[in-house]
Amino acid sequence: MKLWLSFVLLATMLFTQYSFGKQVLPTQVGAEQTEQYLTLLKGKRIGLVVNQTSRVNEQHIVDFLVSKKQNIATIFAVEHGFRGDHDAGAKVSSSVDAKTGIKIHSIYGKNKKPSSEVMNELDVIIFDIQDVGVRFYTYINSMFYMMQAAAQNNVPFIVLDRPNPHLSVVDGPMLNPEFSSFVGLLPVPLVHGMTVGELAQMIQGEGWLNSIDNADQIKHKLTLTVVPVKDYQRNDSYVLPVLPSPNLPNQQAINLYPSLCFFEATPISIGRGTDFPFQVVGHNEAYIGEFAFTPRSIIGAASNPKLKGIALKGLDLRSVQLNGFDMSIFYDWFKLFEKSELEFFSRSGFMDKLAGTDQIRLDMLAGKTLEQIKQPWQNDLKQFKKQRAPYLIYK
């Protein structure tokens, strides 16, 4: 009996190792494929567009490159700062990294693009930041402006690619250029289904460096290099090893982010100032659900959250699965506020910037159904998928 049991256990182990070993390959992000880019940096003055997600295995890419005696001239800080410890929208100042003494130049806020004086001190730019695959997440816009600056000053640009946690999902309205802003700059759907490397190729290939945001005439073609993710396919699940920003603390928050972000333009809380931002919805006057929470000040994540110190009730979505961009919860709360005669779109201009159009807001106010609201962008999505096809890297 013992011999038979031992045989079964051994067979099970071998089968498990074989079957899962064949199916699950170790994904290597671009930054970890050092042999693909270190030779491009030799003897160069390097500018890094990086944050807390920029890791080479367990080591930050800054520390890794310093250990390899590479010449890092400048670190460019995006929204949330180089260390990822700033509130959403909070000012990110230029400074010096205490650990390495490398100067940090902010590209979030008033100066989204470095000057020619800054760029003339560089020979190459590396972009290595984990994105979440949603148009209003600002890292891709920082990448765009840095690509523009690189092209204008004839500085090569390297993207170390990382997976998109929203996989291949493509959904939501396209950006109407009339509503272009730093939360919506590129003419892509709200959930675009592309990695930053693929987007970089599309930005260059479609000529957007010249056509978006009144760019100065670019005389040089950008020298763009993308180091792809190794052993990765578009629908491979990928759990982010480092949080992309303070208010996306786990995979569930990232999953819900595109479906809940419109609430930022309303009086309703989505959990900023709690331990579960972007995983709850609540208000104190009208609400769906009985889940209770009270937003509080959290330094580095939500110093002054909406409805701070007020007891709220609503929905606990920590175990709810929503796919890609799902407007159903947002629509239900709109109907509740409409019935309760409470103002819903308290920041209508911001709503239109997040959506990339005023049509969603106007259609909701006009009483259209959810299906009627979604119908106009379906053909746009089909056209976008054809347009982006030449720039896709992963199957």
When you look at A73, is it farther than 16 Å from I129 by Cα, modelled with pLDDT of 90 or more, more than 21 Å from the chain's Cα centre (by Cα) and surrounded by fewer than 20 Cβ atoms within 10 Å (Cβ to Cβ), yes or no?
-> yes
Inside the range 348-361, can you point out the residues that are within 14 Å of A265 (Cβ to Cβ) and either touching an Asp or Glu at 6+ places or on another chain (Cβ under 6 Å) or in a helix (DSSP H, G or I) (or both)?
-> S348, G349, F350, M351, D352, K353, L354, A355, D358, I360, R361
Those residues that are over 18 Å from S259 (Cβ atoms) and touching a strand residue (DSSP E or B) at 6+ places or on another chain (Cβ under 6 Å), I need them from the range 275-286; list them, please.
-> N284
Quick one: P267 ticks every box in (1) at pLDDT 95 or above; (2) within 22 Å of the chain's Cα centre (by Cα); (3) of a type outside the set (V, I, T); (4) closer than 26 Å to P173 by Cα bar one, so which box is it?
-> (2)
Examine the range 322-333 for a residue that is outside the structural domain of V191 (by TED's automatic domain parsing), touching a strand residue (DSSP E or B) at 6+ places or on another chain (Cβ under 6 Å) and of a type outside the set (D, E), and state whether such a residue exists.
-> yes
Answer residue from the range 268-316, given it is hydrophobic (A, V, I, L, M, F, W, C) and in contact with a helix residue (DSSP H, G or I) (Cβ under 8 Å, 6 or more places away or on another chain) and is farthest from P244 (Cα to Cα) among those = A286
In the range 111-123, anything within 14 Å of L38 (Cα to Cα) and in contact with a Phe, Trp or Tyr (Cβ under 8 Å, 6 or more places away or on another chain) is listed as none
How many residues, within the range 311-347, are surrounded by 13 or more Cβ atoms within 10 Å (Cβ to Cβ), part of a loop (DSSP other than H, G, I, E, B) and of a type in the set (A, V, I, L, M, F, W, C)?
-> 8
Between residues in the range 173-186 that are among the aliphatic types (A, V, I, L, M) and residues that are surrounded by fewer than 17 Cβ atoms within 10 Å (Cβ to Cβ), which pairs lie under 6 Å by C-beta distance while being six or more apart or on different chains?
-> M174/D380
Residues in the range 140-152: is at least one in contact with a Phe, Trp or Tyr (Cβ under 7 Å, 6 or more places away or on another chain), under 22 Å from D231 (Cβ atoms) and of a type in the set (A, V, I, L, M)?
-> no
Top-ranked residue of the range 279-308 - restricted to ones that are buried (at least 20 other Cβ atoms within 10 Å of the Cβ) and at pLDDT below 95, ranked as nearest to the chain's Cα centre (by Cα) = A301
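The values are calculated or read from the model by the stated rules, or taken from the named source; none is laboratory data. This one's a predicted model, so the numbers in the text were calculated from it and none came from an experiment. FYI the Cβ positions are ideal-geometry reconstructions off the backbone, even for glycines, and counts take in every protein chain you see.
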